[in-house]
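Report on the structure given below.
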Amino acid sequence: MRSPNSLTRLWHSARIGLLLVPALLLGGCASLTDLRATVVTPNPAPQALVGAKVQVQAAPGNADSADAYTLQTAVLDAMTQAGMVPLLGTPAPYTARYAYTVRLDLEATYGPSVWPPPVLLPNGAVYFPGGWGGWGGGMFGWMPPPNYYERSFSLEIRDTATGALIWQSHASTGGYERGLASVALPLAQAVLRGFPSEYGEHKVLFPR
């Protein structure tokens, strides 16, 4: 008969394995190091944006980030490749605002079967309302699984004079890395791939 400790370790290993199954199935022959992004673009962009001058602004959290230059450069490069003329600090007919974010995906990390579901606290700690985490750690040497993060990029372009939203898109990728710098350019390129005509939800793969 297995000991409680060995059963706990076996259960934990099995659940981590199940978390990797979707990635293996979706990836096919792709390498596990390839970056897979999901892009959601509600509507195609107006043709007037092609070749247009656009003032680029960062969300406050990105402007103050240690990776601010890397994030900004990625957006400028991707917009230039898409056929726009991005400008910094110069008034233009259109204004683009971008935001890179990262969040801990609790369900992907701990699995959907944990009840009550864990809660992410403002300080970044994870709280288990049912005491499951404390119970496992105190009685069976339970160790938390590796954190699974969702890193995303959002871009909105508005008419500068009226503030009306002209176009928007969002890209996200999941993984065990938290940093944004390494995915800044791929996410920006994913959002603007097929610009201005492509829209809807689609997957983009970036080989590494």
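Derived scalar couplings between HN and Hα for the range 191-207 equal 4, 9, 5, x, 5, x, 8, 6, 8, x, 10, 8, 9, 10, 10, 10, x Hz in order, rounded to whole Hz, by the Karplus curve 6.51 cos²θ - 1.76 cosθ + 1.60 (θ = phi - 60°), x for Gly and Pro. For the range 45-56, putting each phi into the Karplus relation 6.51 cos²θ - 1.76 cosθ + 1.60 with θ = phi - 60° gives couplings of 7, x, 4, 4, 6, 6, x, 7, 7, 9, 6, 9 Hz, in residue order, rounded to whole numbers and with x for Gly and Pro.
Residue 84 sits with roughly 10 Å² accessible to a 1.4 Å probe, with DNA, RNA and ligands left out of the calculation.
Please work out the FRET efficiency for the pair residue 64 and residue 165, using the Cβ-Cβ distance as r and a Förster radius of 22 Å; give the result to the nearest 0.05. Approximately 0.35, to the nearest 0.05.
Residues with beta-carbon under 13 Å from that of residue 43, excluding residue 43: net charge, scoring Lys, Arg +1 and Asp, Glu -1?
Taking every Cβ under 13 Å from that of residue 43, the sum is -3.
The values are calculated or read from the model by the stated rules, or taken from the named source; none is laboratory data. Treat the numbers as computed from the prediction; the structure is a model and nothing was measured. Ideal geometry is used to build each Cβ from the backbone, glycine not excepted, and the neighbour counts take in all protein chains shown. Heads up: the accessible areas ignore ligands, DNA and RNA and are worked out on the full protein's heavy atoms, side chains in. Shrake-Rupley method; radii C 1.70, N 1.55, O 1.52, S 1.80 Å.
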